[in-house]
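Colleague: Quick one: the structure is below, and I'll ask about it shortly.
The values are calculated or read from the model by the stated rules, or taken from the named source; none is laboratory data. If you're wondering where the values come from, they're calculated on a predicted model, not measured in any experiment. All Cβ positions, glycine included, derive from the backbone under ideal geometry; neighbour counts span all protein chains shown. Protein only, heavy atoms only, side chains kept; ligands, DNA and RNA dropped before computing areas. Shrake-Rupley method; radii C 1.70, N 1.55, O 1.52, S 1.80 Å.
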Amino acid sequence: NDGANTKYSPLDQINRDNFNDLEIAWRWESIDGKILDNNPRVQAGEFKVTPIVVDGFAYLTTAVNQIVAVNIRTGESAWEFDPQSYLSGRPANIGWQHRGVAYWADGDDKRILCATQDRKLIALDATTGKPIPTFGDNGVVDLVESLGQTIQERHMTHTSPPAICNNTVIVGSIIFDRPTLKQGLPGHVRGFDVKTGKFKWVFHVIPKKGEFGYDTWEDGSAEYTGAGNVWSMFAVDEKLDYVYLPTSTP
């Protein structure tokens, strides 16, 4: 319902007394078939997206990370954007699936933000679906550059909506964390300026030397331990300027 992830909706038009009277107004078929027909090696996974609805349009992603605006009155697509994330190969862990996008607006400047399967942060005009030219490199920010270290890129991906707290976009990640290896991929959480895409800060979930909590990682284990990443949805408090991180296992 909100950035605080309260899971509560104040809407009351549909309730337990009239739910059985609902009728289907329209059906929308995912457009990922366009990709699957031309790319036999791409095998779409589960359709996990939670659409967000703003000003009469539902914004959502397909399993292969296409971004779509759907008119909620007619069920017709208003625009489609394909970042072609599938060209970089199968995403880490459970493959092709995506959970959705975030929305931000300041007056007439209305944006859809998406962290993609091929490690990009994209900002689109919510009305047209066109990339915002003043955000990053013509609408795209490389999410590997700000990690501060070299990684095996195919072992990291992004499938959840970024969080937005005031003018900061916060991004987590999914990493290939099933193998039991001593050296792990970083689970860093990062913040970017929502208007420019400029990198603002990094939070090391597993602390670096000199940071709070480093001494609790015995025998220097913080130097090589990875994961602890945030693959799920954040919660934000815009009054406090806080973001709350549901981390995974290091």
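Colleague: Please count how many residues of the range 39-52 are closer than 16 Å to Cys114 by Cβ and touching a Phe, Trp or Tyr at 6+ places or on another chain (Cβ under 9 Å).
Modeller: So the answer is 2.
Colleague: Which residue pairs have Cβ atoms closer than 8 Å, lie 6 or more positions apart in sequence or on different chains, and pair a first residue in the range 188-212 that is within 16 Å of Pro161 (Cα to Cα) and hydrophobic (A, V, I, L, M, F, W, C) with a second residue that is open to solvent by 80 Å² or more (accessible area, probe 1.4 Å) and in a strand (DSSP E or B)?
Modeller: Matching pairs, first to second residue: Val189/Phe203; Phe192/Phe199; Phe192/Lys200.
Colleague: Find all pairs meeting these conditions: Cβ atoms under 8 angstrom apart; at least six residues apart or on different chains; first residue within the range 142-158 and on the phi < 0 side of the Ramachandran plot and open to solvent by 60 Å² or more (accessible area, probe 1.4 Å); second residue part of a helix (DSSP H, G or I) and modelled with pLDDT under 85.
Modeller: none
Colleague: Residue by residue through the range 211-232, note down the ones that are assigned to a loop (DSSP other than H, G, I, E, B) and either farther than 18 Å from His188 by Cβ or open to solvent by 80 Å² or more (accessible area, probe 1.4 Å) (or both).
Modeller: Kept after step one, since they are assigned to a loop (DSSP other than H, G, I, E, B), are these residues of the range 211-232: 211-213, 217, 224-226, 228-232.
Phe212, Trp231, listed by residue number.
Colleague: Now, a different point. I'd like the full set of residues that are open to solvent by less than 10 Å² (accessible area, probe 1.4 Å), farther than 16 Å from Tyr224 by Cα and among the hydrophobic types (A, V, I, L, M, F, W, C), limited to the range 166-197.
Modeller: Of everything in the range 166-197, those that are open to solvent by less than 10 Å² (accessible area, probe 1.4 Å), farther than 16 Å from Tyr224 by Cα and among the hydrophobic types (A, V, I, L, M, F, W, C) turn out to be Val169, Ile170, Val171, Val189, Phe192, Val194.
Colleague: Inspect all residues belonging to the range 64-83 and state whether any of them is in a loop (DSSP other than H, G, I, E, B), within 22 Å of Gly136 (Cβ to Cβ) and either out of contact with any helix residue (DSSP H, G or I) (no Cβ under 9 Å at 6 or more places or on another chain) or free of Cβ contacts under 8 Å to residues at least 24 places away in the same chain (or both).
Modeller: yes
Colleague: Return the only residue of Ala102, Ala123 being out of contact with any Phe, Trp or Tyr (no Cβ under 7 Å at 6 or more places or on another chain) and open to solvent by less than 50 Å² (accessible area, probe 1.4 Å). Reasoning before the result, please.
Modeller: Numbers: Ala123 fails: out of contact with any Phe, Trp or Tyr (no Cβ under 7 Å at 6 or more places or on another chain).
Ala102 is the lone residue from the list that is out of contact with any Phe, Trp or Tyr (no Cβ under 7 Å at 6 or more places or on another chain) and open to solvent by less than 50 Å² (accessible area, probe 1.4 Å).
Colleague: Further question: Is it the case, given these coordinates, that Leu60 is in a helix (DSSP H, G or I) and either modelled with pLDDT of 95 or more or out of contact with any Gly (no Cβ under 9 Å at 6 or more places or on another chain) (or both)?
Modeller: No, not satisfied.
Colleague: Just to be sure I understand, how many residues within the range 98-111 are within 11 Å of the chain's Cα centre (by Cα) and part of a loop (DSSP other than H, G, I, E, B)?
Modeller: Residues meeting the conditions: 4.
Colleague: Of everything in the range 67-98, what is farther than 19 Å from Leu36 by Cα and either touching a Ser or Thr at 6+ places or on another chain (Cβ under 9 Å) or surrounded by 22 or more Cβ atoms within 10 Å (Cβ to Cβ) (or both)? Give them in sequence order.
Modeller: Once the filter is applied, which keeps residues that are farther than 19 Å from Leu36 by Cα and either touching a Ser or Thr at 6+ places or on another chain (Cβ under 9 Å) or surrounded by 22 or more Cβ atoms within 10 Å (Cβ to Cβ) (or both), the range 67-98 yields Ala69, Val70, Asn71, Ala78, Trp79, Asn93.
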